[in-house]
1. Hey, A:S192 hits all of (1) touching a Phe, Trp or Tyr at 6+ places or on another chain (Cβ under 9 Å); (2) buried (at least 18 other Cβ atoms within 10 Å of the Cβ) but one; which does it fall short on?
2. Give the residue, chosen from B:Y59, B:Y35, that is surrounded by fewer than 17 Cβ atoms within 10 Å (Cβ to Cβ) and over 19 Å from B:Y107 (Cα atoms).
3. What residue, among those in segment B:181-206 that are over 26 Å from B:A707 (Cβ atoms) and modelled with pLDDT of 95 or more, is surrounded by the most Cβ atoms within 10 Å (Cβ to Cβ)?
4. Please tell me if B:A643 is crowded, with 21+ Cβ neighbours inside 10 Å and touching a strand residue (DSSP E or B) at 6+ places or on another chain (Cβ under 9 Å).
5. Looking at B:G367, B:G376, which one is on the phi > 0 side of the Ramachandran plot and at pLDDT below 85?
6. Within segment A:128-173, which residues are aromatic (F, W, Y) and closer than 18 Å to B:I176 by Cβ?
7. Can you name the residue in segment A:36-81 that is within 14 Å of chain B (Cβ to nearest Cβ) and outside any loop (DSSP other than H, G, I, E, B) and is also modelled with the lowest pLDDT among such residues?
8. So which residues in segment B:217-252 are of a type in the set (G, A, S) and at pLDDT 95 or above?
Amino acid sequence: MKRREALGGRLARLKKEGLNPPLNEKETKNRQEAFGLSRLEGWTEINPCLWRRSVRYDNPLDESYSRSLVLPADQLVKELIFYDTETTGLSTGAGTIPFLIGIGMIHKEYFDVIQLFLSDYPGEIHLLKELNNIFQEEAVYVSYNGKTYDSHLINTRFLMNGLKVNHRFEVDLLYPSRRLWKKILTDCRLGSIEKDILGINRGPDIPGAEIPDVWFDFLKNGKTEKLERVFSHNLQDIYSLAILLHTIELITDGIVTHIPYDRFALGKLLLFHKRDEGIELLERELKRGNRKAGEFLSLYWKRMGEWEKAVDLWKEMNKRGFHYFSVEELAKYYEHHLKDYGEALKLIDKILKGPVPPSPEIKDKLLHRKKRLIGRLAQRD
Amino acid sequence: MMNSLSSIIKNLKDDKNFLSCVTRWEHIPPRIGKYAELPDDLNETIRNSLVNKGIEKLYTHQRICYETARDKRDLVVVTPTASGKTLCYNLPVLQTLMESEEARALYLFPTKALSQDQQAALNEIVLDGDLPVKICTYDGDTPGSLRISARKSGRIIITNPDMLHSGILPNHPKWIEFFKSLKYIVLDEVHTYRGVFGSHMTNLIRRIKRIAAFYGSDPVFICCSATIGNPRELTERILERETVLVDDNGSPSGEKHIILYNPPLLDPVQGIRRGIVLEAQRMALKLLKGGVKTIVFARSRIKTELISSYLNKSLANQYNENFRIKVEPYRGGYLPGERRMIEKGLRDGSISGVVSTNALELGIDIGGLDASILAGYPGSISSAWQQAGRAGRSSQLSLSMIIASSSPVDQYLTQNPEYFFGASPESGFIDPDNLYILIDHLKCAAFEIPFRKGETFGGDVEELLDYLEENGVLRFTADCWHWADRSYPSERISLRSGAEENVVIIDTTKGRHEVIGEMDSHSARELLFEEAIYIHKGDQYKVLKLDLENHLCQVEESTVNYYTDSILKTDIKVLEVDEEDSVSGLRLVSSDILVRSEVSKYKKIKFQTHENIGYGDIYLPEYEMHTRSAVLLFPENSPARIAFEKVPEELQAPVMSRFATVVRNTAPLFLLCGRGDIGVAGRVRDPHFEEPGLFLYDNYPGGIGLADGFHAQMEKVLHASLSLIESCPCREGCPSCVGPCDDRDGFSGNPKEATRFFLASWLSGITQ
């Protein structure tokens, strides 16, 4: 290890020759001692390096949503905790930390958002303890992309600090949002949904990608100018979460009609939850020419053993021109259900000679089926 | 079949033409195995599984490994091919895993292909014996769905250093169960962790140890190495812990013939010999026709394909379908499925011949073959032994033949066989404290866990942490350095290269776009400038474009009758001298240097005659590098100086440059590195030291331990240099020894002879 002692000297020589070991390019300035955070409105330092503020909104939510598709059954809205984090990087690796956490909760007619802000690393342990005070084990957490990101990151921080992680039940609004709007929007970021669906105009907002550097700039250079933009970004995210939840509830309950959404997807979702409105919705979609909706509904009937309804759908869809799916389903129905091999064979031939030549793979499958049918017919004879 | 191998051997012994090219025919008698009982405490299920496989006893070295590892002592076992390496680590690991349901182990293999092979081998033991041990390969190919279960319930995780570096360690909180109960870390093929890769490896191990300690575990290391000069020293440098060496191999081996073969000389001036491809094909054909299962090792992918297609063609002409001899090529770039098929075919005997790159050199199980042919020396003696070891099953006769190419190292080896057969002289060196590499890993480590004040990382690192803080990457607060940057540092750090990215060489002949190789950017300036003739594994290309900024070089096939040689001007500035020694009749100094190099012109030199047929200009920016150097100085009255002064004055400069060339040619034999890994510059009078001398420096920014390792090897390098010159049949110097003669030098006298004279009188001056 004798060379190790010389490392400092070597480093100095390198610097002198302008051959610094490669680092990420960035300007370095002398750090200011005072952070000036106390000048920010409404914030209090509740623990060393941990700051808190609370912002009050009118409660945009109903008391409960009895027919909710996204919340647990009989969930009271006042037991929900909305949260979102702003972090020092994009990965969930051990070196990324959340420096700002926003938490939204209902208090009677108000929607209160608490924000916890780290003014330096040593505050983290207090932040986590504070979270543990707020995060009740029985509460339900509402987030946007929290299932794959924020919750992992928070768990990692608890583990890194030797604290126990409370298991939490999480409702991630990203998933229902994707169902409803994936086909309508170019992307399903919360910002896009706000703008195009919820009609929320954020005004000048800080791009998410710039957020980590704002914190580092504050930390290393004492710059506070852009911090407030990050705070309000986070605040808006929490408030939008509440609006989003409310909107999804109204849509799934069939109350809202003026907002665009993917009706087929909603129909599927409703059916999945065994809700009859799904049937109407899919029927309406089929009438509007969406055969996929008809296919989905027919399979639903088939699964439920409602053969007549399924057969009606297949026949109807086929009326408007050759429909491979329906013909094949009918063939299966005749073969397996009615044991009418002759009719089934006719249908298979119809596909084979149909206007759209089947792919070699499907053709093989059909020919196999045909052979079997001929065999069965011969047996019967 | 064995009869036919012995009759082929007998015929060769009677073949006068063949024998005239053989420089050594070594006959190694069979060796009897040394055995030990299965350990008493061995778990019943494991024991049954072994017995079902016909393993009722262990080799002695396997037993020693078991005891040592179970005793929680770190070890390195030196394992020649087919010595039952996997049991050395699988047995103690499985035993521990069976004793404790919590226990976990990490297996690290240098490549992905090897880890897949290991998983297959392990599954065999585990599944046969119904051992409740879940084994998971975790690498870039592992689908996301399997990753979560691997993290949660994988008892043995098989991976590679790159994945550990960028995937596992930075996400250690997701692996908490694993790290908490990590009992063993297996490092296979430890001899491959040298140079840049090895220097990174030490730092990676520092990071694992740090994370393990964070979760309260302290795993034992079980390492395996091929035969090299310093397995224990290298392992201890990587682990930074005391390590037990297990090198008394108890496995048996059959009778073996090893032939060193130097193809006939075609052009004595330039030292050109008959090609290795042709020679290898002829020999392989003879063996295959005699029904001998044969492996041919070629040095490039293209040659692999060439030789195997030639063999198949020749065989097809000779035999009909009733006499199937199947030969397959095997190399990187094949799909895993294809490779598994070939490996299986070799094991079950349906494939009788295989032509491979060094892809089959490492531990992949292909069963035993009867003969191996090395078309060229594979770059290190340990590799040569590994490849030769592919022939020979435990109790049967085998043959290995090493065919020399015209390269200096090949020529040295065939002409100095005692070097090859003697105690392994090559040693692996690393420099884990290379500032660039160390700083990169400090960033990764700080990302993983903040550094506490006073915490070490292979030594004191406070100044370096301060440096990182100064640059805004870390933040020091409450006695801890925290990662304070938005990036994910390991993502940008490659374990396989130095501080700079390699230049990728792309063959664009006829609209092709095929990557044929890589070169570090420093060497690329010397060899891949525009218009350069670049010889890649025997094929000739012309450089169309060198784009250093994007690390790309485009070449196309060419057939000109000359090669190019850039004129490199190196300016060396000595920054700091930190060690001095007096050895081998000179003054040896270690120092930090700054190399400024510039290539601005090149020569075109005609093949065969070595006439200089023209010059060209090179337009490349000057290049600067800080690195480590050994400086060989000739102070007054030292034997080296006395010998140097005996050289006529007009020949002193040419002799110094030839001395530099021959050292660059022979040093890799002892330093376990490639020719391009070191730089050498001779000085008739160095301005800093004011004496004649030679710089031998690491050709990587910051150094990789070669120059520092050179001290102990110097005397051997000098003697090897002298004997390379003496045994080379060329007249006035060729690329195989001191480098070709250049008519521009314009001096009378024979520079090769003068160099020989200088070295010989110096070395005899020491012994007197």
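1. Every condition holds for A:S192 apart from (2).
2. Being surrounded by fewer than 17 Cβ atoms within 10 Å (Cβ to Cβ) and over 19 Å from B:Y107 (Cα atoms) holds for just one of B:Y59, B:Y35, which is B:Y35.
3. My answer is B:V186.
4. no
5. B:G367
6. Across segment A:128-173, the qualifying residue is only A:F158.
7. Looking at the filtered set, the residue picked out is A:N47.
8. Across segment B:217-252, the qualifying residue is only B:S217.
The values are calculated or read from the model by the stated rules, or taken from the named source; none is laboratory data. All values reported here derive from a predicted model rather than from experimental measurement. Don't worry about glycine lacking a Cβ; one is built from the backbone with ideal geometry, like all the others, and counts go over all protein chains shown.
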